[in-house]
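First the structure, in the form of structure tokens, and then the observations on it.
Throughout, read-outs are computed from the coordinates displayed, never taken from laboratory work. What you are looking at is a predicted structure, and each value in this text was computed from that prediction instead of being measured. Cβ placement follows ideal geometry from the backbone for every residue including glycine, while neighbour counts extend to all protein chains displayed.
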Amino acid sequence: MRINTKAGISAAVVLHVSVAAFADTTGMCLNMAGMTDDRCACATEALAGEVKAEALNLYDAVGTRYLEKLSSGQAMVEAWDGAIAETASERGVDRHSLLETTNDVGKAHRTAILACD
């Protein structure tokens with residue numbers, strides 16, 4: 001059996017880029033108790049294959065702000081609500097629609113995390 005080394009390297013680079021592009025999605029996973037780098041990277045990769053890129057980009061953008069707010073001492077609910085409001089304002093999208101989108105992606109993210117045992 002012959003292995004196509006170029007294809008394997010290309011797939012690895014694409015995987016690394018896709019996971020790196022959503023670093024804050026991975027960061028939200030790592031913020032949960034008991035998570036590992038490997039499990040969270042697996043979940044981010046799986047999530048990228050399950051949801052539309054636009055929705056994942058919004059989820060990651062909210063995640064960036066959410067993690068910043070958590071690190072500054074805000075409570076989880078306050079941090080998430082603030083991140084939603086800021087991202088909606090910056091992107092010119094309806095806050096309620098953004099919340100629905102991120103909730104849907106969040107559910108898919110939790111499913112991916114559980115699947116990456």
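Under 11 Å from a label point set 7 Å out along the Cα-to-Cβ vector of ASP104, the amide N atoms of the stretch 56-98 belong to 56, 97-98.
Seen through its C-alpha gyration tensor, with square-root eigenvalues sorted a ≥ b ≥ c, the stretch 51-117 comes out oblate because a/c lies at 1.5 or above while a/b is not bigger than b/c.
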